[in-house]
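The values are calculated or read from the model by the stated rules, or taken from the named source; none is laboratory data. Please read these numbers as outputs of a predicted model, since none were measured by experiment. Because the Cβ atoms are built from the backbone with ideal geometry, glycine has one as well, and the counts that use them run over all protein chains shown.
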Amino acid sequence: ERYVEFNVEAFKELAAHGIEPGHGKVTNITKFAEGGFNRVFLLTMEDGFQAIAKTRVVAAERCPCAKTLQLLCIGRQPSRAPLAVRLALAGHGVLVIEAGGDNGDDVVHKVPGLHLQSTEHGATRWDFYVNHYPTLEDQKLDSKMSWRTSNGDIYVGSNPPDDAEPLGVLYPRAGTLGGCAAHNAMVNIYPHNRDWENLVDVTRDDSWSPKNMRKYFKRLEKCLYVPNDIIGHGFNGWLETRVTDLTLVLEDAKLLSIIAAGATAMGKGIGKAITTLSGLTKLLIADLNSDLPSRDNAEGLYQIPLAVDKDFMRTTPRTFLLDTAKAANKDGSPKYKLDILLNTLVTKVRFDDSLSIPRAVGVEFIHGESLYGADPRASKDKSGVEGKANAKEEVIIAGGSFNSPQILMLNGIGPKKELEKFDIPVVVDSPGVGSNLQDHYEVAVTANASSNFALTEDCTFLRTQDDACLARWKHAPIFKGPYGSNGISISIRKRSSVVDGPTDLILTGAPANFHGYYDGYSSDATADPHHWTWIIEKLHPRNTAGTVTLRSNDPRDTPLINFNYFDSGDTENGAAAKDLQAMYEAVEFARSIYKNVVPLDGSFEEILPGPDVTTEEAVKDFIKAESWGHHASCTCPIGSDDDPNAVLDGKFRVRGVEGLRVVDASVFPMIPGSYTALSTFIISEKAADVILGKE
């Protein structure tokens, strides 16, 4: 009674992949050895040649688990892991299906200071290309616009070869166990209470109240940066959080000067802050994740809470997932019924159509590496092992705001016209699937310093073997140096003149030449130690006009993604103009910080937007051309029963079918706060309680 079935003949074909050419097909495959989470097979070729093939974290034949399996969790979003673990801890049989592999132990994913490099790590990168505008003419104004040349190379810029194919702007995602938590900047900022209140309004369910949702944050957090009697934080959860060690700031006079300039621009007296740890601590004492009533509306300077553990390594839901999956009883048997299937791309959700309401009963998949089109290593020539998995109770999709709507549409749940375009039988005409795409607008204000930042001048960011900063991170007993942090030294929260709720702007500063995503951006951003960037993020943008639509009916193809920025999106009641005005004010504020720098160690010269960009119109044109985002949300929104665009109900259930839920960033009707990772972890914890009947 196996809950996962493989096409054995196809597996023989797949197993031959990577074996020396000339040995023909596999004629026999036998299990050779098994230990922990490794399973080794002995392959016999038709010419007698033998080879070894190894898979990881695959428990496809564990029959005791098969008899009690209840839930399938599919997708690559970080939200999947906490949910799967909570269900397994409650005694449910859970199979987690991951399209990528497991690379969490790779140094580029463990070291916080290498997070930019981790997004371009060949083993895990998924490259989506998105459009910000509906016309190529507008897209070409973005210096990050990417094209594929006739020889397969990626060209970035506005003057591509004549035969180049326009792709869009790079939007990095992670195809690996743990999802984008494996490569993000580890920023964990609690959302505004308004974000939860909005969900109460649309669901009429008080379990979404700010007070109730705070308990999930406390359950998941293991806070390392405030005393354990501070109200509103958690101290025993799976997500360790800390802030950057301020002793690092004191190592660099140039860094001190930029922080002091930020304080001056905010009207703060700098006092002893530029010379002593105690003074700096007083300047940055406010807790960005506090539960104080004033927190959501307060402006100020803050340190950013990071998902970094006590050993200065990235912390992600992956650890929580693997620790639970590997837990064993005294006799060595698995303690929990939690299995993980890696390198497995779900191609179909199976429904029982004999019922009055279709019910999800399992999935079909193909097993193999780099099968999805976002993986640069993918090729239509690659084949995989076909298989299926059955769920007695539910299938839970956690593919993220691009892949979750794609999965739904490919399986007949989506706008009728979109499905019929690709001859997909309509199961539910759900017009909201793939619409409502939202993101935080971001733009950079960058300057070149007249001398190096002492903190990073010895860092090579994996370009050389003798990386002094990596050596310090590995061997220093206490102070791990710049690689022990994500490099974001300070954040500033502000309110624009057009704000209509909580603070609507956050600026984060880092010693890098970063202005968005394109192929090779991580090398450019860290190529020298004398640039500084203020990254501006617009919170609660008013634009809900983005779309995710199908490119084809092939589950290996990426979807078409367009965010419809600014005046190509929502313009009602001046929405686009207000967002643009807020961004403009933030750019001018960031520029003023450079002008206020006390030259403790040299001066700064602005390079972006640049000294020639002086008028309000020119600055706004720069913002419209160069803005980007990386917090895609809201494409499978929760909504009220009378909302035709509500894809889900307040319990994460897909409307129109049974046995199917979505739990990831796509479920929000409005994009939450800033940096959506923590919001997604929180809803994952809530979803577990919902499924277990606790709410």
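General remarks:
- Pair list, Cβ under 8 Å, 6 or more apart: region 201-219 residue within 15 Å of residue 650 (Cα to Cα) and in contact (Cβ under 8 Å) with a residue 12 or more places away in the chain, other residue among the hydroxyl-bearing types (Ser, Thr, Tyr) and part of a loop (DSSP other than H, G, I, E, B): 202/640; 203/640; 204/640
- Given (1) touching a helix residue (DSSP H, G or I) at 6+ places or on another chain (Cβ under 7 Å); (2) more than 21 Å from residue 178 (Cβ to Cβ); (3) surrounded by 18 or more Cβ atoms within 10 Å (Cβ to Cβ), number of the condition residue 682 does not satisfy: (2)
- Scanning region 138-167 for residues that are in contact (Cβ under 8 Å) with a residue 60 or more places away in the chain, surrounded by fewer than 21 Cβ atoms within 10 Å (Cβ to Cβ) and in a strand (DSSP E or B) yields 154, 156.
- Qualifying position, being of a type in the set (A, V, I, L, M, F, W, C) and within 30 Å of residue 625 (Cβ to Cβ), among 187, 200: 187
- One residue alone among 350, 318 is assigned to a helix (DSSP H, G or I) and at pLDDT 90 or above, and that residue is 318.
- Residue match in region 237-247 (condition: aliphatic (A, V, I, L, M), at pLDDT below 90 and closer than 27 Å to residue 540 by Cα): no
- A count restricted to region 647-667 and to residues that are part of a loop (DSSP other than H, G, I, E, B), surrounded by 21 or more Cβ atoms within 10 Å (Cβ to Cβ) and touching a helix residue (DSSP H, G or I) at 6+ places or on another chain (Cβ under 8 Å) stands at 5.
- Of residues in region 469-495 being outside any loop (DSSP other than H, G, I, E, B) and among the hydroxyl-bearing types (Ser, Thr, Tyr), the one nearest to residue 297 (Cα to Cα): 491
- Flag if residue 257 is farther than 30 Å from residue 89 by Cα, touching a strand residue (DSSP E or B) at 6+ places or on another chain (Cβ under 7 Å) and either in contact (Cβ under 8 Å) with a residue 40 or more places away in the chain or not β-branched (Val, Ile, Thr) (or both): yes
- For region 277-301, the set of residues classified as over 19 Å from residue 679 (Cα atoms), outside any helix (DSSP H, G or I) and either in contact (Cβ under 8 Å) with a residue 12 or more places away in the chain or of a type in the set (Phe, Trp, Tyr) (or both) consists of 284, 286, 298, 299, 300, 301, listed by residue number.
- Residue selection: residue 466 fails the criterion of being surrounded by 14 or more Cβ atoms within 10 Å (Cβ to Cβ), charged (D, E, K, R) and at negative phi.
- Yes/no for residue 470 being touching a Pro at 6+ places or on another chain (Cβ under 9 Å), in contact (Cβ under 8 Å) with a residue 12 or more places away in the chain and of a type outside the set (S, T, N, Q): no
Each row is one residue, and each column tells you yes or no for (1) touching a strand residue (DSSP E or B) at 6+ places or on another chain (Cβ under 9 Å); (2) more than 26 Å from residue 118 (Cα to Cα).
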{"site": "372", "(1), (2)": "yes, no"}
{"site": "381", "(1), (2)": "no, yes"}
{"site": "396", "(1), (2)": "yes, yes"}
{"site": "403", "(1), (2)": "yes, no"}
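- Single match in 390, 452 (criterion: surrounded by fewer than 22 Cβ atoms within 10 Å (Cβ to Cβ) and touching a Phe, Trp or Tyr at 6+ places or on another chain (Cβ under 7 Å)): 390
- Condition check for residue 110: at pLDDT 95 or above, within 22 Å of residue 560 (Cβ to Cβ) and basic (Lys, Arg): no
- Any strands (runs of 3 or more DSSP E) falling wholly within region 501-583 and containing at least 1 residues that are among the acidic types (Asp, Glu) and closer than 28 Å to residue 455 by Cβ: 531-538
- Residue tally, condition at positive phi and in contact with a Phe, Trp or Tyr (Cβ under 6 Å, 6 or more places away or on another chain), over region 603-622: 0
- The lone exception for residue 445 - which of (1) closer than 30 Å to residue 395 by Cα; (2) in contact (Cβ under 8 Å) with a residue 24 or more places away in the chain it fails: (1)
- Residue count for region 539-557, restricted to those that are buried (at least 24 other Cβ atoms within 10 Å of the Cβ), under 24 Å from residue 424 (Cβ atoms) and not hydrophobic (A, V, I, L, M, F, W, C): 1
- Every residue from region 87-132 that is touching a helix residue (DSSP H, G or I) at 6+ places or on another chain (Cβ under 8 Å) and in a helix (DSSP H, G or I): 87, 88, 89, 107, 108, 109, 112, 113, 114, 116, 117, 118
- Tally of residues being crowded, with 18+ Cβ neighbours inside 10 Å, modelled with pLDDT under 80 and more than 28 Å from residue 221 (Cα to Cα) across region 256-306: 3
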